[in-house]
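Asks: My questions all concern the structure below.
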Amino acid sequence: MNSNASNFGHRSWWRSAVIYQVYIRSFADGNGDGIGDIAGLRARLPYLAELGVDALWINPWYPSPMKDAGYDVSDFRAIEPLFGTLDDAREMIAEAHELGLRILLDIVPNHLSDQHAWFQAALAAGPGSRERARFIFRDGRGPGGDEPPNDWLSNFGGPAWTRVSDGNGKPGEWYLHLFTPEQPDVDWTNPEVREEFDQTMRFWFDMGVDGFRIDVAHGLAKAEGLPDIGSTAWPPVSSERVDHPHWDRDEVHDIYRAWRALADDYEDPRVFVAEAWVHNPERLAMYVRDDELHTAFNFDFLLAPWLAEPMRDSIIASLEAHEGVGAPPTWVLCNHDTVREVSRYARPQGVRELRHLDDLLELPADFELGVKRARAAALLMLCLPGGAYVYQGEELGLAEVEDLPKELLQDPGWKQSGYTLRGRDGCRVPIPWSGQEPPFGFTLNGATAAPWLPQPLSWRALTVQAQTGDQRSMLELYRRALRLRHEHPALGDGAMRWIDAPEGALAFARDPGFVCVVNMSAAHAPGPPGAELLFSSGELAGDGGVPADTTAWFSTP
Ligand code: NOJ
Ligand code: CA
């Protein structure tokens with residue numbers, strides 16, 4: 001039983017929650033078609049409760065043509081048949097709650113699938129219609145309107161506009177899509193759009209869902225008149241705010257104030273976490289002001305290189321910005337869009353992103369070091385003030401699968417980049433549970449189809465089964481850390497203070513009686529005088545010191 005189950009009724013549970021990200025198509029496959037589903041998740045709920053997390057965030061599970069792995073939603077109030085049924089969802093939610101696990105879903109408010117009834121109606125209804133006013137349709141520029149209405153680009157490459165035919169077979173208006181052409185953006189200045197999403201949220205909240213992760217939370221508002229971006233860089237070169245026509249505009253906050261009111265209407269308040277890629281911690285903190293969202297992912301922490309100074313700076317900046325608005329910070333090391341941290345940390349310390357060119361993958365890599373750092377980072381993340389996220393497989397120490405055959409790549413970015421960016425499939429490979437060969441227990445009731453992406457053979461050493469009981473394994477590190485996090489009064493929400501540390505190391509204390517030392521340098525760092533070692537991410541020297549690239553947790557007198 002989850003050690004936190006007793007806290008289930010706690011209204012502020014989210015201030016210190018560890019939330020496990022379930023990328024459903026790669027978590028566990030209950031029916032043997034090679035794709036993860038709700039039946040698989042249900043069967044594995046006891047594993048998650050035992051791991052010691054507080055809640056699950058489930059990536060989109062709604063009906064979808066899967067042009068962007070479910071982020072192209074064609075019906076927000078139903079379940080994709082590949083994943084199961086609404087009844088399965090209902091039962092899974094009830095079972096999770098019984099185990100002390102809260103459930104967060106993923107809401108995708110910036111865009112719909114082009115197969116959604118609204119977009120189909122918009123195409124049929126033509127220019128000037130109420131149906132088109134739910135989206136962002138415009139005339140093109142230049143002779144014959146042949147050029148897109150402005151210079152905006154799709155996140156996956158190419159123009160952010162696609163032209164439709166006018167109904168008589170002639171070229172007509174263009175519609176905006178910040179992601180794939182199959183993901184038309186909706187217009188958040190239209191009250192019908194607001195009402196529709198309110199109803200969707202109520203639908204799931206009424207079913208017992210505890211909250212939502214908000215996709216592209218920084219993208220919903222577009223500048224009036226849809227001006228060209230011109231040379232406005234994003235992400236920005238400096239940490240100053242730039243007035244970007246579609247990212248992180250002040251107008252989005254009005255939407256979240258209304259959502260907060262809706263969530264607070266429930267007796268057991270429902271919560272939000274924002275996916276907002278913004279300039280700096282101050283801009284992020286605006287999303288979690290008192291009357292807005294509860295929490296937001298801390299991508300600055302995710303992107304910080306494994307070096308003491310930038311890591312400390314990033315932590316300080318996050319803490320200060322969140323303190324200013326009274327919200328708890330969160331900490332995250334990877335997700336289904338980013339390179340797994342074992343692979344990032346295996347590279348030279350400055351490397352943040354690996355997907356952009358195959359060349360980068362050629363950089364020398366030391367995976368043993370990557371794992372050591374990932375262990376240290378996990379303990380660091382789990383004892384900082386606030387909440388944390390664990391992406392499925394992170395607790396197993398999985399690395400990015402870097403050599404997926406190109407013909408199997410499914411991320412839309414691969415095609416839309418003209419086959420230059422490999423995309424995100426390498427962190428989305430179905431996770432290994434047991435056994436000596438693929439599908440490594442991913443398929444529960446006898447495999448009939450191979451997992452939708454192939455698993456490396458080397459994962460036989462990293463299955464849940466192989467790691468269970470091995471006290472040196474990543475899985476047991478996570479289990480012990482999560483247990484201690486729940487038990488120790490100093491951990492979770494609250495304050496921390498820095499204490500002196502040798503160069504290349506970070507050290508901070510949390511009251512009562514807890515010290516964390518992370519050694520990111522090659523030299524041996526001492527532990528605090530008189531402190532007792534609770535446990536460490538590495539093999540410790542007998543004197544209680546902290547070897548390079550490890551974290552140690554100490555209790556102090
Ligand atoms: C962010 C999601 O995490 C990502 O997977 C998706 O492609 C985009 N938003 C578009 O919805
Ligand atoms: Ca399945």
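Asks: Output the number of the condition that Gly494 fails; it satisfies all remaining conditions of (1) at negative phi; (2) in a loop (DSSP other than H, G, I, E, B); (3) not hydroxyl-bearing (Ser, Thr, Tyr).
Replies: Condition not satisfied by Gly494: (1).
Asks: Let me ask something else about it. Yes or no: Met92 within 16 Å of ligand 2 (Cβ to nearest atom), touching a Leu at 6+ places or on another chain (Cβ under 9 Å) and either of a type in the set (S, T, N, Q) or within 24 Å of Arg424 (Cβ to Cβ) (or both)?
Replies: Numbers: within 16 Å of ligand 2 (Cβ to nearest atom): yes; touching a Leu at 6+ places or on another chain (Cβ under 9 Å): yes; either of a type in the set (S, T, N, Q) or within 24 Å of Arg424 (Cβ to Cβ) (or both): no.
When the stated conditions are applied, Met92 does not pass them.
Asks: When the residues of the range 200-234 are narrowed to those that are without any contact (Cβ under 8 Å) to a residue 24 or more places away in the chain and not hydrophobic (A, V, I, L, M, F, W, C), which ends up surrounded by the most Cβ atoms within 10 Å (Cβ to Cβ)?
Replies: The qualifying residue surrounded by the most Cβ atoms within 10 Å (Cβ to Cβ) is Thr232.
Asks: Still on this structure, I have one more. Do we find that Gly9 is modelled with pLDDT of 95 or more, assigned to a loop (DSSP other than H, G, I, E, B) and either out of contact with any Lys or Arg (no Cβ under 8 Å at 6 or more places or on another chain) or within 14 Å of ligand 1 (Cβ to nearest atom) (or both) in this structure?
Replies: Considered against the rule, which asks whether it is modelled with pLDDT of 95 or more, assigned to a loop (DSSP other than H, G, I, E, B) and either out of contact with any Lys or Arg (no Cβ under 8 Å at 6 or more places or on another chain) or within 14 Å of ligand 1 (Cβ to nearest atom) (or both), Gly9 comes out as no.
Asks: May I ask you to list the residues in the range 33-73 that are among the aliphatic types (A, V, I, L, M), farther than 27 Å from Leu382 by Cβ and within 13 Å of ligand 2 (Cβ to nearest atom)?
Replies: Ile35, Ile38, Ala39
Asks: Ok, one more. Keeping to the range 22-74, report how many residues are more than 16 Å from ligand 1 (Cβ to nearest atom), in a loop (DSSP other than H, G, I, E, B) and on the phi < 0 side of the Ramachandran plot.
Replies: So the answer is 8.
Asks: Answer yes if at least one residue in the range 101-110 is surrounded by 18 or more Cβ atoms within 10 Å (Cβ to Cβ) and either over 19 Å from the mean Cα position of the chain (by Cα) or within 14 Å of ligand 2 (Cβ to nearest atom) (or both), and no otherwise.
Replies: no
Asks: What pairs come up if the first residue lies in the range 62-78 and is over 16 Å from Arg90 (Cβ atoms) and at pLDDT 95 or above, the second is surrounded by fewer than 21 Cβ atoms within 10 Å (Cβ to Cβ) and among the hydrophobic types (A, V, I, L, M, F, W, C), and their beta carbons are under 6 Å apart, counting only those six or more places apart or on different chains?
Replies: Pro63/Ala78
Asks: Looking at (1) under 18 Å from Asp72 (Cα atoms); (2) in contact with a Leu (Cβ under 9 Å, 6 or more places away or on another chain), find the lone condition where Asn150 falls short.
Replies: Unmet condition: (1).
Asks: Still on this model: For the range 316-346, what are the residues that are of a type in the set (A, V, I, L, M, F, W, C) and within 19 Å of Ala376 (Cβ to Cβ)?
Replies: Result: Ile316, Trp331, Val332, Leu333, Cys334, Val339, Val342, Ala346.
Asks: Here is a further query. For Ala17, which of the numbered conditions (1) away from ligand 2 (no atom under 16 Å from the Cβ); (2) out of contact with any strand residue (DSSP E or B) (no Cβ under 6 Å at 6 or more places or on another chain); (3) at pLDDT 95 or above; (4) of a type in the set (Gly, Ala, Ser) fails to hold?
Replies: Every listed condition holds for Ala17 apart from (2).
The values are calculated or read from the model by the stated rules, or taken from the named source; none is laboratory data. Nothing here was measured: the structure is a model prediction, and the numbers come from that model. Note that we place each Cβ from the backbone using ideal geometry, even for glycine, and neighbour counts take in every protein chain shown.
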